[in-house]
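The next block holds one structure in the form of structure tokens; read it before the comments.
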Amino acid sequence: MSETAAVPVHSWMPSSPCGAGCLPAEANAVSIPTVVVRWCLVVSALATAPLLTAGWLLPRSWRTGLQRRYAAMLLRCVGIRLVVVDHRGKRRHDGGLLVVAGHVSWTDVLVLSALAPANFVARGDLLDWPVLGSLARRMRVVPIERQSLRALPGTVATTAGRLRDGERVVAFPEGTTWCGRAYGGFRPALFQAAIDAECPVQPISLRYTGRGGELTTGPCFVGEETIGRSIRRIIRQKGVNAEVRLAPIEYPGECRRDLAARCERAARGDERIDLAAHDIVDPLQGAVGTAAAGIEAAERLVA
């Protein structure tokens, strides 16, 4: 997640061409009384959040269920309805699990937490954000310093350790947020944690739609928008669904590039890139081409 647009400082640094031009017009907005009620519910929910991670107050088995319901409730407070389709069949796993999905917004964390509480791999400076930073520390976020390639092996090792301990860890392999109509490739580095821990991976397809099932970029968190402006905009939206598809589990194998490619295919499904969603004259030569080149160079660096 990003509070401001990422400024690439090396070829591995995640970036995307998505920005203000990806956001929809605010024609489909709820009434002012609804906005007021949603704000009251959000503030109340955030005020009680520390109780959900208080080990001295609640048994672990209780906290897990309450955290999942809390995330689902907070989603509804901001006006997002969760829809889940499970394609896993009989291939389930009860131990450590690496969960991977495309990254559209800070609301992705709520969506995936509503499925099952987990540790998240997130940008390191998230821990310094007001309110959300405190919640992130209580949720035992695994920080990743995107500006430093040298810190990456430590993040992978920490993630692998959590997986060996039987924990569920969520990562967003694109490395930054995209609008949902276009997206970046799954970078292979963090998949090494699943290989090292001999742990399966759960690919998840996550997309946001309107009432008619059409794709919407309303919840996306991209470009120069701050977290405060994003929350205000999302709370005003009407009829947004978070559609989640649980793909079959992928087993690690021995090659992180192969594992990343398999998981990306599983997570994308029938999705197609819509380059018209961006104000790019020539996407093959412009920002999308630059982003793709950055991803290719990054994979060489971390392979």
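The values are calculated or read from the model by the stated rules, or taken from the named source; none is laboratory data. The structure presented is a predicted model; accordingly, all values stated were derived computationally and were not measured. When we count neighbours, we look across all protein chains shown, and the Cβ atoms used for this are built from the backbone with ideal geometry, even at glycine. Just so you know, the surface numbers come from the protein's heavy atoms only, side chains and all, with ligands and any DNA or RNA stripped out. Shrake-Rupley method; radii C 1.70, N 1.55, O 1.52, S 1.80 Å.
Restricting to segment 214-230, give me the number of residues that are open to solvent by 20 Å² or more (accessible area, probe 1.4 Å) and not hydroxyl-bearing (Ser, Thr, Tyr).
Total satisfying the criteria: 6.
Looking only at residues in segment 150-177 that are among the acidic types (Asp, Glu) and within 20 Å of the chain's Cα centre (by Cα), which one is most open to solvent (accessible area, probe 1.4 Å)?
Glu167
Restricting attention to segment 1-50, and to residues there that are among the charged types (D, E, K, R) and modelled with pLDDT under 85, which single residue is nearest to Arg233 (Cα to Cα)?
Glu26
Kindly check whether there is at least one residue in segment 107-124 that is modelled with pLDDT under 65 and either on the phi < 0 side of the Ramachandran plot or part of a helix (DSSP H, G or I) (or both).
Yes, that holds for at least one residue.
Only one of Glu254, Glu271 is at pLDDT below 95 and in contact with a helix residue (DSSP H, G or I) (Cβ under 7 Å, 6 or more places away or on another chain). Can you tell me which?
Glu254
Out of all the residues in segment 201-209, is one or more buried (at least 22 other Cβ atoms within 10 Å of the Cβ), among the hydroxyl-bearing types (Ser, Thr, Tyr) and closer than 17 Å to Gly269 by Cα?
yes
Out of Arg257, Arg233, Arg245, report the one residue that is surrounded by fewer than 21 Cβ atoms within 10 Å (Cβ to Cβ) and in contact with a strand residue (DSSP E or B) (Cβ under 8 Å, 6 or more places away or on another chain).
Exactly one of Arg257, Arg233, Arg245 is surrounded by fewer than 21 Cβ atoms within 10 Å (Cβ to Cβ) and in contact with a strand residue (DSSP E or B) (Cβ under 8 Å, 6 or more places away or on another chain), namely Arg245.
Could you grab me the full set of residues in segment 24-44 that are under 20 Å from Phe221 (Cβ atoms), hydrophobic (A, V, I, L, M, F, W, C) and in contact with a Cys (Cβ under 7 Å, 6 or more places away or on another chain)?
Val42
For a quick check of your reading: which strands (runs of 3 or more DSSP E) sit entirely within segment 139-258 and have at least 2 residues that are under 30 Å from Val37 (Cβ atoms)?
Passing ranges, in order: 201-209, 240-246.
Scan segment 141-149 and tell me whether some residue there is of a type in the set (A, V, I, L, M, F, W, C), modelled with pLDDT under 90, surrounded by 15 or more Cβ atoms within 10 Å (Cβ to Cβ) and under 24 Å from Ala47 (Cβ atoms).
Yes, because at least one residue in segment 141-149 is of a type in the set (A, V, I, L, M, F, W, C), modelled with pLDDT under 90, surrounded by 15 or more Cβ atoms within 10 Å (Cβ to Cβ) and under 24 Å from Ala47 (Cβ atoms).
In segment 77-113, which residues are in contact with a strand residue (DSSP E or B) (Cβ under 7 Å, 6 or more places away or on another chain), closer than 17 Å to Val240 by Cα and open to solvent by less than 10 Å² (accessible area, probe 1.4 Å)?
Ile80, Thr107, Asp108, Val111, Leu112
Would you pick out the residues in segment 150-185 that are out of contact with any strand residue (DSSP E or B) (no Cβ under 7 Å at 6 or more places or on another chain) and aromatic (Phe, Trp, Tyr)?
Within segment 150-185, Trp178, Tyr183 qualify.
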